[in-house]
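The values are calculated or read from the model by the stated rules, or taken from the named source; none is laboratory data. Please read these numbers as outputs of a predicted model, since none were measured by experiment. Quick reminder, even Gly has a Cβ in these numbers, built from the backbone with ideal geometry, and neighbours come from all protein chains shown. Each accessible area value is taken on the protein alone, full model and side chains, heavy atoms only, with ligands, DNA and RNA left out. Shrake-Rupley method; radii C 1.70, N 1.55, O 1.52, S 1.80 Å.
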Amino acid sequence: MQKAALFLCFSVILFSCGTSQKSTVLSGNTSGNLANGGILVGDGDTIYFNHFGDQNKLYKMDQSGDGLIPVSDEIAYSLNISGDLLYFLSGTENNAIVTMKKDGRERAVLSDEKALSLQCSGDFLYFISMGEETDPEKTYTLHRMKRSGEEVTRILGDKIQQFFVSGNRLYYIRQEDHSLFVSDQDGKDPVKLHDGSVINFILYGDKLYFMDGSEDKNQLFVMDRDGKDLKRLTEEKLSSFHISNDVIYYGNTTEKASMLELKKMNLDGSSKEVLEELPVISILSHDSWLCLLSMDFSSFSIKETLRDTASEKEMVFEYVNPAAESALAVYDAGAEVTVDQLKVKVQDVYVTNILKNEDPNYESTIFDSVTDGTFVFLTINAENLGEEPLELYETLGHILDINEAYPSIYWYTFYEADEELLRGEKKYVMPESFLQSMVLQPKESKTLQLYAELYDVGNPIYLYIKDSVNPNSTHALEVNLPEYVRVHSFESALKLMEETFPGNEIILQNGIGFLKPGTEEEAMFYAFEVRNKELSSPEYFFVERDTGDIYIGEPDPSFPDFTAVPKELWQKP
């Protein structure tokens, strides 16, 4: 798929960070530009960058924005400058480490080893190795070599995801636990600065800024370079951030935004301001120039905006995903489909929005899982017709929108179905039993159950079958979903209460398992507090999850832990 190819090229810049100092970069590049993929570097009054409007070729321009000329047809990442030489990773040559004169002459490959990122510091080049088939332990480890390409030495044995050398100190994120460390430049005497969940970091002045991904919040923090005086700067969820001329620029993904916003704030987190609606995925800079990369997720095109914050001069270039000779093949429901070496037939479909809790230690209905979406279970027969083992994960998936030119795929997980499951009344196993890997050996056939939690599901849905021979082809097997009764979720119960009691303040309290009034049957209820301006005290109501019936609630001294409990069925006046 073209989408996958594009993400491979630019995965290094997603959820990125950056920094820009006012001084000229005499050697290497700024920590932030390198963290953003290093597609831009400044050298005095000259800026070198990837030109997204000309197949990502390497260009240069002067500080005024004039003199735009090509330097090389190369796609260059991790751009560094030292003297009259450029050092970079060649996207044209499998991320080999390359050097050339700043005018594009005297190009030479220093190492054909595939690297993830590169920094020139002093007399050395530091790089993260992508590893080799003969030495997989080398993958994501930090190495150093002379600028001539000689004397390659491993600096860190730990796998890392980002690094930067500043003076005689090495800062890095350890991949194992996402903790932030500092050591000497040889990787010795490491000290942990922050424990876990660090997505990326930048160095700016005497401070260290980093994005913390705890609980998927992606919030921005700042601390001293020794890890002291930790402060949180944002409550918002960030997609990227960068610092230029004492201003923090960042992408904001708060749910209140209709799309990603580009914002700015002071170094202490004050004076937050929305600059524009822009799905920014990366920000780089040199002096007064910003380089903003934003993505159109419908066409997977990338827009590059070069903006001079001093003069407001702006240039916009766009990388458009090349049109592929793609083909869409849709197969009728019930068909047996063969794609490449995989033969697939759907045997059964089960859909629900509630999974009953099966843990005997937690028998209450409050522990059932309810979704606003749909739990989908497909039972299929899959057969490997080929001579090589076949991994089914990322081979079988759910097509989110069959009408997209490059449809997004949600990958199913797998469970090998047994006879008891196939014959029993219950049509599925619990999600925790499903695996992200399922291998079919040559000529092997298995009955499998596929699982996914999906949202905005239409009918029919389409099962994606990967074609490894023709990756631009989309094979979609139509799957008709049976009708089923949905129980209420917290969200749908709240919507029901708002429709039933318009003009009142509705406050969702919690969910409780309680005996259904007048019966010995336990039921699951959502508790609500309803405030009417004409009444001095609130009223309490309960929505039964499985039926949607509304019950009047009252305090009961027999249940002091509850504000109220369901007492009788509410009747519409």
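The C-beta contact set for region 35-51 (first residue farther than 15 Å from Ile75 by Cβ, second residue charged (D, E, K, R) and not in a strand (DSSP E or B), distance under 8 angstrom, 6+ apart or interchain) comprises Gly42/Asp287; Asp43/Lys102; Thr46/Lys102. Of the residues screened, Ala35 is one that is in the same structural domain as Asp84 (by the TED database), among the hydrophobic types (A, V, I, L, M, F, W, C) and modelled with pLDDT under 90.
When region 75-89 is filtered for residues that are within 28 Å of the chain's Cα centre (by Cα) and surrounded by fewer than 22 Cβ atoms within 10 Å (Cβ to Cβ), only Ile75 remains.
Just the residues that are closer than 19 Å to Arg423 by Cβ, in a strand (DSSP E or B) and at pLDDT below 90, please, taken from region 346-380. Write out each step before concluding.
From region 346-380, those closer than 19 Å to Arg423 by Cβ are 346-350, 358, 377-380; that's our starting set.
Adding the requirement that they be in a strand (DSSP E or B) leaves 346-350, 377-380.
Correct list: empty.
Taken over region 415-459, the residue count meeting the criterion of being open to solvent by 20 Å² or more (accessible area, probe 1.4 Å), under 20 Å from Lys356 (Cβ atoms) and among the polar types (S, T, N, Q) is 1.
Give the number of residues within region 50-74 that are part of a loop (DSSP other than H, G, I, E, B), aliphatic (A, V, I, L, M) and open to solvent by less than 50 Å² (accessible area, probe 1.4 Å). Residues meeting the conditions: 0.
Having 1 or more residues that are within 24 Å of the chain's Cα centre (by Cα) and crowded, with 19+ Cβ neighbours inside 10 Å is the bar; report the strands (runs of 3 or more DSSP E) wholly within region 130-230 that clear it. Give the derivation first.
Working: elements: 142-146, 160-166, 169-174, 179-184, 191-194, 198-204, 207-212, 219-224.
Once the strands (runs of 3 or more DSSP E) in region 130-230 are filtered for at least 1 residues that are within 24 Å of the chain's Cα centre (by Cα) and crowded, with 19+ Cβ neighbours inside 10 Å, what remains is 160-166, 169-174, 179-184, 191-194, 198-204, 207-212, 219-224.
In region 494-529, of all residues being within 35 Å of the chain's Cα centre (by Cα) and either of a type in the set (Val, Ile, Thr) or not assigned by the TED database to the domain that holds Lys567 (or both), the one that is farthest from Pro573 (Cα to Cα) corresponds to Ile512.
If I filter region 140-148 for residues that are touching a strand residue (DSSP E or B) at 6+ places or on another chain (Cβ under 6 Å), touching a residue at least 12 places away in the same chain (Cβ under 8 Å) and farther than 20 Å from Phe88 by Cα, do I get at least one hit? No, that holds for no residue. As for region 6-17, it holds at least one residue that is under 25 Å from Gly205 (Cα atoms), modelled with pLDDT under 95, in a loop (DSSP other than H, G, I, E, B) and open to solvent by less than 10 Å² (accessible area, probe 1.4 Å).
Region 387-498 holds strands (runs of 3 or more DSSP E) entirely within its bounds, and those carrying 1 or more residues that are among the acidic types (Asp, Glu) map to 413-416, 445-454, 473-479.
Scanning region 291-318 for residues that are acidic (Asp, Glu), more than 22 Å from Leu34 (Cα to Cα) and either buried (at least 18 other Cβ atoms within 10 Å of the Cβ) or at pLDDT 85 or above (or both) gives Glu312, Glu314. If the condition is being part of a strand (DSSP E or B) and either in contact (Cβ under 8 Å) with a residue 40 or more places away in the chain or open to solvent by 60 Å² or more (accessible area, probe 1.4 Å) (or both), then region 109-124 contributes Val109, Ser111, Leu116, Ser117, Leu118, Gln119, Cys120, Ser121, Phe124. For the residues Leu477, Leu463, Leu421, Leu450, the requirement of being without any contact (Cβ under 8 Å) to a residue 60 or more places away in the chain and either among the hydrophobic types (A, V, I, L, M, F, W, C) or farther than 30 Å from Asn381 by Cβ (or both) singles out Leu421.
Checking each residue in region 550-572 for being part of a strand (DSSP E or B) and open to solvent by less than 20 Å² (accessible area, probe 1.4 Å) picks out Ile550, Tyr551, Gly553, Val565, Pro566.
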